[in-house]
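**Student:** I have a structure I would like to understand better, so I am pasting it below and will then ask my questions one at a time.
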Amino acid sequence: MLEEWKEIYRYREFLKNNVSKDLRTRYKGSFFGFLWTFFNPLLMLLVYSTLFSLIIKMPVDNYPIFLFCTLLSWNFFSSAVQSSSSIIVSSGNLIKKVYFPHEILPISVVSGGLINYLYGLIILIPALSVFGYYPNLNYLWLPIIIVIQFILTLALSFFVSAVTVYFRDLEHMLNIFLMALLYLTPVLYPQSMIPDKYQWLFNWNPMAILVTSYRQVFYYNESPNLFQLMILGGLAIILLLISHLYFMKVKGKFNEEI
């Protein structure tokens, strides 16, 4: 496995070009172009804020800010996993014509999602300041949270990108799974609203730990639960190793299947 990662590093320029190409072509032909990187989360924020502030009446102060703190990170996770499910199949012509480590494809998708998330912070942090949630020393925990999310997302992306080559229905099933996971993760509501007898479900939900950590830093101005983060970080690394081993095992037959 170490040799595989060394080879990926040798193709780092190819990876950079792939990420750059994805970012350039994502909104190619649209009127607003790259600005959709900012418009998409803002429009989602507007829809959810209207629904939960005016109609359902979520009992949370500054609900749009409360939501925005976690919506960006959720979008990063869900869009990267969903896009990864089809990346091998959609890149069939490239795989057949050019040799490169196939791992670069899901890595480029997750890296592009990370860059989009970081661009989103350009909107989030000033918005927080406008509402009185100023940057503080707890922001120093953000790199750790982001790295853990990147590793976890990459682990899932390796797995779904490889499985979809042999089981194409997974791409469509992921839409349902991610929608269900959204409502099982405290993105749209505080975890305190969950009945005590169901709290254990959320304590075992990796994304619940991550979005709660973001909210603790951005919204509550406090440090995240470091014990939970370290456990999750270790689990994410183990999942990455396992999913990469599976990817390595099956990638030799990609040419035959696509």
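**Student:** Need the failing condition index for S213 against (1) of a type in the set (S, T, N, Q); (2) part of a helix (DSSP H, G or I); (3) at pLDDT below 95; (4) within 19 Å of the chain's Cα centre (by Cα), just the number.
**Tutor:** (3)
**Student:** How many residues does segment 95-113 contain that are closer than 18 Å to R24 by Cα and over 16 Å from the mean Cα position of the chain (by Cα)? Don't jump to the end; show me each part of the working.
**Tutor:** Taking segment 95-113 first, the residues closer than 18 Å to R24 by Cα are 104-113.
With the extra rule that they be over 16 Å from the mean Cα position of the chain (by Cα), the set shrinks to 104.
Matching residues across segment 95-113 total 1.
**Student:** For segment 237-258, name all the residues that are over 17 Å from M1 (Cα atoms) and either surrounded by fewer than 17 Cβ atoms within 10 Å (Cβ to Cβ) or aliphatic (A, V, I, L, M) (or both). Spell out the reasoning first.
**Tutor:** Going through segment 237-258, the residues over 17 Å from M1 (Cα atoms) turn out to be 253-258.
Across segment 237-258, the qualifying residues are K253, N255, E256, E257, I258.
**Student:** Run L178 past the list (1) more than 14 Å from the chain's Cα centre (by Cα); (2) touching a residue at least 60 places away in the same chain (Cβ under 8 Å) and report the number of the one that doesn't hold.
**Tutor:** Only one criterion is unmet by L178, namely (1).
**Student:** Could you tell me whether Y139 is within 27 Å of I176 (Cβ to Cβ), part of a helix (DSSP H, G or I) and aromatic (F, W, Y)?
**Tutor:** No: the conditions fail for Y139.
**Student:** While we're here: Tell me, yes or no, whether segment 242-250 has at least one residue that is charged (D, E, K, R) and in contact (Cβ under 8 Å) with a residue 24 or more places away in the chain.
**Tutor:** Kept after step one, since they are charged (D, E, K, R), are these residues of segment 242-250: 249.
Those still in the list that are in contact (Cβ under 8 Å) with a residue 24 or more places away in the chain too: none.
No, that holds for no residue.
**Student:** I would also like to ask the following. List every residue pair whose Cβ atoms lie under 7 Å apart, where the two residues are 6 or more positions apart in sequence or sit on different chains, the first residue falls within segment 112-132 and is more than 22 Å from L23 (Cα to Cα), and the second residue, located anywhere, is in a helix (DSSP H, G or I).
**Tutor:** A127/I65; A127/F68; L128/I65; L128/F218; F131/I65
**Student:** So in segment 142-177, with the set limited to residues that are not aromatic (F, W, Y) and not in a helix (DSSP H, G or I), which one is nearest to S108 (Cα to Cα)? Give the steps one after another, and end with the answer.
**Tutor:** Filtering segment 142-177 for residues not aromatic (F, W, Y) gives 142-149, 151-157, 160-165, 168-176.
Filter once more, so that each one left must be not in a helix (DSSP H, G or I): 168-169.
Details: R168: 21, D169: 23 Å.
Ranking the qualifying residues of segment 142-177, first place goes to R168.
**Student:** Right, next: Filter segment 17-61 down to the residues that are surrounded by 16 or more Cβ atoms within 10 Å (Cβ to Cβ) and not in a helix (DSSP H, G or I), then identify the one that is modelled with the highest pLDDT.
**Tutor:** V60
The values are calculated or read from the model by the stated rules, or taken from the named source; none is laboratory data. All figures in this text were calculated on a predicted structure; none of them were measured in a lab. As a convention, Cβ positions derive from the backbone with ideal geometry for all residues, glycine included, and neighbour counts pool all protein chains shown.
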